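This report refers to the structure that appears directly beneath it.
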Ligand SMILES: [Ca+2]
Ligand SMILES: [Ca+2]
Ligand SMILES: [Ca+2]
Ligand SMILES: [Ca+2]
């Protein structure tokens, strides 16, 4: 809108005022996912002005067009970490989200498959190592939207309808073989393909855009195993075998009075736990499962009100030095703490039995 007005110094013979108005013949509504397809938008430009005392106006022609159907979706894995499973576990679950980034409700068909040893389809970190293949992969929709796979409830294998901007959880469920060991990983992938509501296949409009025809436009990006503009998107997930456990137990195995050689058993009710008594502690590390434990370090601070008996540590019956003389015996007593470094342990493995002595202050 613009005006030219007279002033003390400027006396035009004609006063002209002019305004330009843009008409958008469209209900003033907002849609979260963008304007739905088929909505007709009309557009014309008008100009108004006054010459002398006579008002006049002119309008342009009106342009009409229909909003096209935009197809876009996003598939993501939800945790960023492999699902921990054990050998032989049935119905192991990985979890994905599918989001409708288009402007209309859409359906989605789902495909769950193994990403096998081919590096080009072997996932991206942390889903980038495939040591074994599972079996029977099926993608199930989280029907009650609680993020938990429930076999009797979450039975649908496709999404019938998902509104614009809405997200649905999908699980890949597969069986873990029994012949696997801890640390091995299996990479799987989910591909969602956009359909019409109810599941009918979609086809992108092939000709140049026609203003008043609702074209179907594939606007999706490329995913790990899908290309741009194919109405699909995909993501990786993984199962990681972790059936290894390390269990520590600590007991008092004997108490020796301050003087005299007799070794008594406190569990039998002997009351020799008095100042000067020497306690022999025993720590047993035991292992369950199969695979490899890395960086195994056992630490034990000496209890309050006791004093460590120098050079009293044994491991599996073999005397150790207190010094940090790694790698001679990988055992040390430093900072009032016993530290036993075992490093890599291949399981099944025999127990590690540690004993040391402390005097009651
Ligand atoms: Ca559920
Ligand atoms: Ca069109
Ligand atoms: Ca795509
Ligand atoms: Ca040592």
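With N counted as the residues of the range 70-241, its alpha-carbon radius of gyration over 2.2 N^0.38 Å works out to 1.09.
What's the extension gain from residue 294 to residue 210 if we count 0.36 nm per residue and subtract their Cα-Cα distance? This chain segment gains 23.9 nm when fully extended. For the range 70-241, relative contact order (Cα pairs under 8 Å, six or more residues apart, normalised by length) works out to 35 percent.
With coordinates expressed along the principal axes, the C-alpha atoms belonging to the range 245-360 extend over 46, 31, 23 Å, beginning with the largest. In percent, rounded to a whole number, the relative contact order of the range 269-361 is 48, using alpha-carbon pairs under 8 Å and six or more apart. The fewest-to-most ranking of 341, 155, 83 by surrounding Cβ atoms within 10 Å reads 155, 341, 83. With Rh defined as the Kirkwood radius, the inverse of the mean 1/r over Cα pairs, the Rg/Rh of the range 63-102 is 1.36.
For Cα pairs less than 8 Å apart in space and 6+ apart in sequence, what is the mean separation divided by the residue count of the range 322-361, i.e. the relative contact order in percent? In percent, rounded to a whole number, it is 22. Taking the average, over residues, of other Cβ atoms within 10 Å as the packing measure, peptides 95-105, 278-288, 49-59 rank 95-105, 278-288, 49-59 from highest down.
Place the peptides 180-191, 213-224, 326-337 in order of packing, highest mean first, counting for every residue the other Cβ atoms within 10 Å and averaging per peptide. Display every interim value, and only then the final one.
Working: 180-191: 23.2, 213-224: 17.3, 326-337: 14.3.
Most protected by this proxy first, the peptides run 180-191, 213-224, 326-337.
From least to most packed, judged by other beta carbons within 10 angstrom and beginning with the fewest, 274, 342 follow the order 274, 342.
A short reminder: the numbers here are calculations on the coordinates, not readings from a lab. All of these numbers come straight from a predicted model, not from anything done at the bench. Ideal geometry is used to build each Cβ from the backbone, glycine not excepted, and the neighbour counts take in all protein chains shown.
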